């Protein structure tokens, strides 16, 4: 899929992160994204590498690989069209906790941390929308993790 500027704006408008923005705001933020194409098996980033960008999968799939307590790496999840990952890299200067590897030919939208910080400094409404979406996503993940831990722990005693 060739991402023209118009198609990129349309694509961003269809995401949870930018769906509420007007065309002018979408046009302004779309220029901040880089379009990357990677081949099957290509490593986008390795565990321990600098977390310096956020990614949206425009087309294809990415496997997220991480360590296990026993040592060997395992696939934690596979993400596909429209999924995003690495959003914490926009907020915090930390290393990647897992590796991202293309599970097939994949086209990605990359937003570098510096571009996001510039949006924040400029007071761009897209940056505020992104912060809101990141907070909602993190809250949802924490609730899901709590439920998983409860399931693993078994029934809770009556109080």
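If you go through the range 3-18, how many residues are more than 25 Å from residue 92 (Cβ to Cβ) and either over 16 Å from the mean Cα position of the chain (by Cα) or surrounded by fewer than 19 Cβ atoms within 10 Å (Cβ to Cβ) (or both)? First the steps, then the outcome.
Within the range 3-18, the subset more than 25 Å from residue 92 (Cβ to Cβ) is 3-11, 13-14.
Retained after the next criterion (residues that are either over 16 Å from the mean Cα position of the chain (by Cα) or surrounded by fewer than 19 Cβ atoms within 10 Å (Cβ to Cβ) (or both)): 3-10, 13-14.
Residues meeting the conditions: 10.
Just checking, does the range 24-37 include any residue being over 13 Å from the mean Cα position of the chain (by Cα), under 23 Å from residue 131 (Cβ atoms), exposed (fewer than 13 other Cβ atoms within 10 Å of the Cβ) and modelled with pLDDT under 90?
Among the residues of the range 24-37, at least one is over 13 Å from the mean Cα position of the chain (by Cα), under 23 Å from residue 131 (Cβ atoms), exposed (fewer than 13 other Cβ atoms within 10 Å of the Cβ) and modelled with pLDDT under 90, which makes the answer yes.
Within the range 80-96, how many residues turn out to be in contact with a helix residue (DSSP H, G or I) (Cβ under 7 Å, 6 or more places away or on another chain) and in contact (Cβ under 8 Å) with a residue 60 or more places away in the chain?
0
Scan the range 100-116 residue by residue and report those that are assigned to a helix (DSSP H, G or I) and touching a helix residue (DSSP H, G or I) at 6+ places or on another chain (Cβ under 8 Å).
Let us first name the residues in the range 100-116 that are assigned to a helix (DSSP H, G or I), namely 113-116.
113, 116, listed by residue number.
Testing residue 136 on (1) modelled with pLDDT under 90; (2) within 18 Å of residue 17 (Cα to Cα); (3) not in a helix (DSSP H, G or I), one condition comes back false. Which one is that?
Unmet condition: (3).
A quick yes/no check of all residues on (1) touching a residue at least 40 places away in the same chain (Cβ under 8 Å); (2) surrounded by fewer than 18 Cβ atoms within 10 Å (Cβ to Cβ):
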| site | (1), (2) |
| --- | --- |
| 48 | yes, yes |
| 98 | yes, no |
| 109 | yes, no |
| 119 | yes, no |
| 148 | no, yes |
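The values are calculated or read from the model by the stated rules, or taken from the named source; none is laboratory data. On a predicted model such as this, the values are computed, not experimentally measured, just so you know. Glycine also receives a Cβ, built like all others from the backbone with ideal geometry; neighbour counts cover every protein chain displayed.
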